[in-house]
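The values are calculated or read from the model by the stated rules, or taken from the named source; none is laboratory data. Only a predicted model underlies this, so the values are computations on that prediction, with no experimental measurement involved. When we count neighbours, we look across all protein chains shown, and the Cβ atoms used for this are built from the backbone with ideal geometry, even at glycine.
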Amino acid sequence: MGVCIVCGKKALTISSTLRVCLDCLRREPKALDIARKAHTSWRQKHGFASSPPRDLGGVRCRLCVNECSLGNGGKGFCGVWHNIGGRLQRRGLLAYWYLDPHPTNCVAAPVCPANTSQGYPRYTKAVGIERGYYNLAVFMLG
């Protein structure tokens, strides 16, 4: 359970990393500053730039909304793309995964057998939403 350091509210929906609640983020300018500092601190701790690089004369990366400009040897905001000898090159992939309990907020929920009963009993063990099961959520970058 997180605690908002602006208003003192305690809730499961308050990130223990950001430490500010949604109401304060919407109403209190200092809450946004606190969240930005937490974001910057996390990125720096893990070797990422705190903001998208904007090196004048650098190689422009247009693969995402950040549109980084990377100087020679520079690394993109994503941490995947680098300027090596004046060319954008990928240095591996970043991946994040977790087990997501059913029912889930998965983008495939409208067509998922565990969420729709379609394909019962071959692809799902329940008529209706499966409970007590998980799907593997995987996010890759690069």
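This table checks each residue for (1) under 20 Å from the mean Cα position of the chain (by Cα); (2) at pLDDT 95 or above; (3) outside the structural domain of Lys9 (by TED's automatic domain parsing).
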residue: Ala38; (1), (2), (3): yes, no, no
residue: Ser41; (1), (2), (3): yes, no, no
residue: Ser50; (1), (2), (3): yes, no, yes
residue: Arg54; (1), (2), (3): no, yes, yes
residue: Leu63; (1), (2), (3): yes, no, yes
residue: Cys68; (1), (2), (3): yes, yes, yes
residue: Gly76; (1), (2), (3): yes, no, yes
residue: Gly79; (1), (2), (3): yes, no, yes
residue: Asn83; (1), (2), (3): no, yes, yes
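Among the numbered conditions (1) among the aliphatic types (A, V, I, L, M); (2) over 21 Å from the mean Cα position of the chain (by Cα); (3) loosely packed, with under 15 Cβ neighbours inside 10 Å, tell me where Val59 comes up short.
That leaves (3) as the condition not met.
Select the helices (runs of 4 or more DSSP H) contained entirely in the stretch 1-117, then report the ones holding at least 3 residues which are out of contact with any helix residue (DSSP H, G or I) (no Cβ under 8 Å at 6 or more places or on another chain).
On the way: elements: 22-27, 29-45, 113-116.
Where helices (runs of 4 or more DSSP H) fall fully within the stretch 1-117 and carry at least 3 residues being out of contact with any helix residue (DSSP H, G or I) (no Cβ under 8 Å at 6 or more places or on another chain), they are 22-27, 29-45.
When you look at Tyr123, is it exposed (fewer than 14 other Cβ atoms within 10 Å of the Cβ), out of contact with any Ser or Thr (no Cβ under 6 Å at 6 or more places or on another chain) and part of a strand (DSSP E or B), yes or no? Show your work before the answer.
On the way: exposed (fewer than 14 other Cβ atoms within 10 Å of the Cβ): yes; out of contact with any Ser or Thr (no Cβ under 6 Å at 6 or more places or on another chain): yes; part of a strand (DSSP E or B): no.
No.
Show the residue pairs meeting these rules: Cβ distance below 8 Å; 6+ apart or different chains; first residue within the stretch 116-142 and over 30 Å from Gly92 (Cβ atoms); second residue assigned to a loop (DSSP other than H, G, I, E, B) and among the charged types (D, E, K, R).
Qualifying pairs under 8 Å: Thr124/Glu130; Tyr133/Lys125.
Considering the stretch 62-72 alone, what residues qualify as being surrounded by 11 or more Cβ atoms within 10 Å (Cβ to Cβ), closer than 15 Å to Asn83 by Cα and not hydroxyl-bearing (Ser, Thr, Tyr)? Walk me through it before giving the result.
Taking the stretch 62-72 as the starting set, the residues that turn out to be surrounded by 11 or more Cβ atoms within 10 Å (Cβ to Cβ) are 63-64, 66-72.
So of that shortlist, the ones also closer than 15 Å to Asn83 by Cα come out as 63, 67-72.
Passing the criteria: Leu63, Glu67, Cys68, Leu70, Gly71, Asn72.
Looking at this structure, is Asp100 among the acidic types (Asp, Glu) and within 17 Å of the chain's Cα centre (by Cα)? Give the derivation first.
Working: among the acidic types (Asp, Glu): yes; within 17 Å of the chain's Cα centre (by Cα): yes.
For Asp100, the condition - among the acidic types (Asp, Glu) and within 17 Å of the chain's Cα centre (by Cα) - is met.
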